[in-house]
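Colleague: Quick one: structure below, then a few questions.
The values are calculated or read from the model by the stated rules, or taken from the named source; none is laboratory data. The structure displayed is predicted, hence computed values, not measured ones. Backbone-built Cβ (ideal geometry, glycine too); neighbour counts: all protein chains shown.
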Amino acid sequence: MAWLLVVAGLVLVGVGVAAAVGQAGSGAQPWGNELSDNFTFVKALPFVVGFGVAVGLLMSRTYGAKVRADGAVRRWSPGTVFGHWVLTLGFVLALPTGMWQYLGGILDVNLPIPLYLFYRVHYIGASIVLFAVAAFVSYLYLTGDRSLVVPRGQWGRHLLGLAYELPPSLRGRYAKLLRVDLRQPRPPAGKFTFYEKVVEFPSWSIVLALITITGLIKAGRYLIPVPGFVLWLASTLHVAAMVIIVIKLLDHLRYTFPRWSLMGAITTTWMKERAPAPGQSSSERSGTSAAGVAGGGDT
């Protein structure tokens, strides 16, 4: 049934996009390339979102903790790995083209490439990002996985754990700012590090929601009336979200590259042992070993 829904969703996306492209290029309206692409993008969005929801259903079928004979555990489900790389592809297409739309105007620099092609690639990338977001929301809803969410009443424990994952030069100032008592012992992290649960997942969720909502407002202004102030605010926040995403990507690479087992896990889904946090000894790491990872679900 899941595969049938995915195939049906793919067919509907093809039909919807073809209809939107045909209508935009029919010549009934004297539109330029940029406006035609915008119209096609907006008309295709419901089909893209619906297809993402259907694929999220299929992704949820891969959910579940597993252990291999060699002791490796599944940290990420195959569905999560698929969604991660689809989202990465969307960023690769949407971020550079989106940033250039603004930087080119600010710097007053023109490339020997028509501007509408930047918009076209940006719309394609944005559609892929929106598809991935819809798939992940559907996946998380269907699986009920909350392993990256700080449980209610445990923020104090997680803020303390995050303090011990920070470099010693920052730990004291962080503890003083948030009134974290470093005299308490370091708590075990479990499946995910405290940095992933306190910083990475919440910030990614907020910035993806921000760039999605503001992008939809900007794209939909040709179909429904949008007040000038709302459009200005959406455009400003959309650019801010793009900048934050670039910063987040750099921080994500900074965090994952030294922990090569995490890089392998997001490619193969399997991990033998969690990489230690900065300054973490082998004895402290034992609480976040592969055995600890196997104790939770995957996401």
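Colleague: Considering (1) modelled with pLDDT of 90 or more; (2) part of a loop (DSSP other than H, G, I, E, B); (3) surrounded by 14 or more Cβ atoms within 10 Å (Cβ to Cβ); (4) out of contact with any Phe, Trp or Tyr (no Cβ under 7 Å at 6 or more places or on another chain), say which one ARG186 fails and leave the rest.
Modeller: The number of the failed condition is (4).
Colleague: Exactly one of these conditions fails for ALA135: (1) within 30 Å of ARG61 (Cβ to Cβ); (2) without any contact (Cβ under 8 Å) to a residue 24 or more places away in the chain. Give me its number.
Modeller: If we test ALA135 against (1) within 30 Å of ARG61 (Cβ to Cβ); (2) without any contact (Cβ under 8 Å) to a residue 24 or more places away in the chain, just (2) comes out false.
Colleague: How about the range 65-104: which of its residues are aromatic (Phe, Trp, Tyr) and within 16 Å of SER147 (Cβ to Cβ)?
Modeller: The answer is TRP76, and nothing else.
Colleague: Would you point out the residue of the range 245-265, among those that are of a type in the set (A, V, I, L, M) and in contact with a Ser or Thr (Cβ under 8 Å, 6 or more places away or on another chain), that is nearest to PHE192 (Cα to Cα)?
Modeller: So, considering only residues that are of a type in the set (A, V, I, L, M) and in contact with a Ser or Thr (Cβ under 8 Å, 6 or more places away or on another chain), the one nearest to PHE192 (Cα to Cα) is LEU262.
Colleague: Let me ask something else about it. Would you say ALA275 is among the hydrophobic types (A, V, I, L, M, F, W, C) and either at pLDDT 90 or above or in contact with a Pro (Cβ under 6 Å, 6 or more places away or on another chain) (or both)?
Modeller: Here the answer is no, as ALA275 does not meet what is asked.
Colleague: So, in the range 209-224, of the ones that are closer than 17 Å to GLY125 by Cα and of a type in the set (Val, Ile, Thr), which residue ends up farthest from the chain's Cα centre (by Cα)?
Modeller: Looking at residues that are closer than 17 Å to GLY125 by Cα and of a type in the set (Val, Ile, Thr), I get ILE217.
Colleague: Among the residues of the range 161-176, which ones are among the aliphatic types (A, V, I, L, M) and under 26 Å from the mean Cα position of the chain (by Cα)?
Modeller: LEU162, ALA163, LEU166
Colleague: Given SER147, SER138, which one is assigned to a helix (DSSP H, G or I), at pLDDT below 95 and touching a Ser or Thr at 6+ places or on another chain (Cβ under 9 Å)?
Modeller: Just a single option satisfies the conditions, and that option is SER138.
Colleague: Has the range 163-179 got any residue that is loosely packed, with under 15 Cβ neighbours inside 10 Å and on the phi > 0 side of the Ramachandran plot?
Modeller: The answer is yes; a qualifying residue exists.
Colleague: In the list LYS176, LYS191, which residue meets the criterion of being part of a helix (DSSP H, G or I) and of a type in the set (Lys, Arg)?
Modeller: LYS176
Colleague: Moving to a separate point now. Taking the range 103-127, which residues are surrounded by fewer than 21 Cβ atoms within 10 Å (Cβ to Cβ), at pLDDT 75 or above, part of a helix (DSSP H, G or I) and hydrophobic (A, V, I, L, M, F, W, C)?
Modeller: If the condition is that a residue be surrounded by fewer than 21 Cβ atoms within 10 Å (Cβ to Cβ), at pLDDT 75 or above, part of a helix (DSSP H, G or I) and hydrophobic (A, V, I, L, M, F, W, C), then LEU115, LEU117, PHE118, VAL121, ILE124 are the ones that fit.
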